[in-house]
Amino acid sequence: MTVDKQSQKAAGEMRPGQPLLYLRSVAKSFANGTEALRNVNLMVNQGDFLSLLGPSGCGKSTALRLIAGLSTPTSGLIDWRGPAMGKTDIGFVFQEPTLMPWASVFDNVWLPLRLQGASRARAAPKVAEMLERVGLTGFENSVPRELSGGMKMRVSIARGLVTRPRLLLMDEPFAALDEITRFQLNHDLLSVWEQERFTVIFVTHSVFESVFLSNRIVVMAARPGRVYRELSVEAPYPRDESFRTSPDYGALCRKTSDVLGEAMHAVEDARGGTDAGNSHGGH
């Protein structure tokens, strides 16, 4: 196991800005010979909203699975800092809502608490609070087939947050939604994050989404997946439509798009034997 257990023994509460975890020279190869990640170095701070941005095949989802403990690195280290992270300290929201189709909204959100041994009655206040946070009060008894795509994703987010995790991993959760619904869920997610200030690692293909949501954007290049460059988004929170339509937002999107374009060319150069991303590296 490549997770550093010694680094998990530190006591005390985590404060925003403190290191939460490091990926140190992390690589991942699969049995079929695919090299998904190579020499990934990345620091994640407590309270970050960090987006992993890059083309398909750059290992963004693989990195999330490694952090979640759903897979192990081929080499390198996932180095946790601060108090030990238990199973309930990490929430995961997948690209598809993955709801139980036979179960009500309440029961879907209750599931993580139920697996911890919490009865329905004991879990009810936490489930109700989280459903209110994501705008689903009144839909407790609905089943997934009665919900729109956006509402299903709200259920998935509520389920990911109901245990009050310190770290929320989100794998392109809004990719399949229409633009209006996606914008609204961006706003709602930021609202919950600003109240709770858990840490988010958010995978996306969207430059616009990454700039709107994040305080840090890690641009990745593909084949093998690696950190190409990190960008800081220093615009203050809360962010609303006035930010989305501001010159600052437009400039940040152009800058991010330019770096993503460079990363895409770095993929082609790497195939030809010269990795253009090496001059920018990780951090």
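The values are calculated or read from the model by the stated rules, or taken from the named source; none is laboratory data. Remember, predicted model here, so these are calculated numbers, not experimental data. As a convention, Cβ positions derive from the backbone with ideal geometry for all residues, glycine included, and neighbour counts pool all protein chains shown.
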Can you tell me which residues in the stretch 56-100 are part of a helix (DSSP H, G or I) and farther than 14 Å from Ala27 by Cα? Ala68, Lys87, Thr88, Asp89
Going by the conditions given, is Thr181 in a loop (DSSP other than H, G, I, E, B) and either surrounded by fewer than 17 Cβ atoms within 10 Å (Cβ to Cβ) or touching a residue at least 24 places away in the same chain (Cβ under 8 Å) (or both)? no
State whether one or more residues within the stretch 197-211 are more than 16 Å from the chain's Cα centre (by Cα), touching a residue at least 60 places away in the same chain (Cβ under 8 Å) and within 30 Å of Ser75 (Cα to Cα). no
I'm trying to understand the selection: among the residues of the stretch 228-283, which are at pLDDT 85 or above and within 17 Å of Leu37 (Cα to Cα)? Tyr228, Arg229, Glu230, Ala263, Met264
Within the bounds of the stretch 152-161, is there any residue that is within 25 Å of Cys58 (Cβ to Cβ), polar (S, T, N, Q), assigned to a helix (DSSP H, G or I) and free of Cβ contacts under 8 Å to residues at least 40 places away in the same chain? no
Can you pull out every residue in the stretch 234-256 that is over 22 Å from Leu161 (Cα atoms), touching a residue at least 12 places away in the same chain (Cβ under 8 Å) and surrounded by fewer than 21 Cβ atoms within 10 Å (Cβ to Cβ)? Glu234, Ala235, Asp240, Phe243, Arg244, Asp248, Tyr249, Cys253, Lys255
Unmet requirement for Pro224, which otherwise passes all of (1) out of contact with any Gly (no Cβ under 9 Å at 6 or more places or on another chain); (2) farther than 11 Å from Ser51 by Cβ: (1)
